Amino acid sequence: MATPIRMPQLGENVVEGTISRWLKAPGDRVAEYEPLLEVVSDKVDTEIPSPASGTLQQILVPAGETVAVGTVWPTWVRQARRFRQSSRPQRRPPGRRVGRAPPRRRRAPRDGAS
């Protein structure tokens, strides 16, 4: 599943920002909250973090472009697949008992003991 990247609200009166540079390239793996790009506005310079873990798919808004706050950039992070645990119980190997202690061995009586 792909996750869109949005231009965040950078300040109270900031309505747009300019992408100064991309910190990742298409095909790069990124972790959630890892910086993806730098954005410059008239009041704030900041790094924009990745909204999800995965692989950066493509960059269609190049550095130097100005975008409005809330704009969904046509750039996506494809999320890494997560393994789901099955609701079905796992099969046990044959001959193994689960949940029981192994049977105790009986000791042979010692010579002279009754």
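Across the accessible surface of the range 1-71, with the other protein chains kept in place and a 1.4 Å probe, carbon and sulfur atoms take up 49 percent. Annotation: amide H of Ser50 within the under-5 Å range of Tyr33, Glu34, Leu36, sequence separation 5 or more or interchain, hydrogens built in the peptide plane. Sequence-ordered 3J(HN,Hα) estimates for the range 57-67 from the Karplus curve with 6.51, -1.76 and 1.60 and θ = phi - 60° stand at 7, 7, 10, 10, 10, x, 4, x, 7, 9, 10 Hz, glycine and proline given as x. Stretching Arg21 away from Lys43 to a fully extended chain increases their span by 6.2 nm, per 0.36 nm per residue minus the current alpha-carbon distance. The length gained on full extension between Arg107 and Glu12, counted as 0.36 nm times the residue separation minus their Cα-Cα distance, comes to 26.0 nm.
Residue-wise HN-Hα couplings along the range 13-25, as the Karplus relation 6.51 cos²θ - 1.76 cosθ + 1.60 with θ = phi - 60° gives them from phi, are 10, 7, 10, 8, x, 10, 6, 7, 6, 8, 8, 10, 10 Hz; Gly and Pro carry x.
Please list Leu10, Leu60, Leu37, Leu23 from largest to smallest accessible area, probe radius 1.4 Å, with all protein chains kept in place.
Putting Leu10, Leu60, Leu37, Leu23 in descending order of accessible area: Leu60, Leu23, Leu10, Leu37.
The loop-placed trypsin sites (Lys or Arg not before Pro) in the range 17-64, going by DSSP, that have at most 11 neighbouring Cβ atoms within 10 Å of their Cβ come out as Lys43.
Just flag the GluC sites (Glu not before Pro) in the range 1-47 sitting in loop per DSSP whose Cβ has no more than 10 other Cβ atoms within 10 Å. Kindly include the intermediate steps, with their values, before the conclusion.
Details: sites: Glu12, Glu16, Glu32, Glu38, Glu47; in loops: Glu12, Glu32.
Sparse-neighbourhood loop GluC sites (Glu not before Pro): Glu12.
Take every pair of alpha-carbon atoms less than 8 Å apart whose residues are at least six positions apart; their mean separation over the length of the range 7-73 yields a relative contact order of 42 percent.
The values are calculated or read from the model by the stated rules, or taken from the named source; none is laboratory data. Worth saying up front: this structure is predicted, and the values here are computed from it rather than measured. Cβ sites come from the backbone with ideal geometry, for glycine too, and all protein chains shown count toward neighbours. When the accessible area is computed, the model is the full protein with side chains, heavy atoms only, and any ligands, DNA or RNA have been set aside. Shrake-Rupley method; radii C 1.70, N 1.55, O 1.52, S 1.80 Å.
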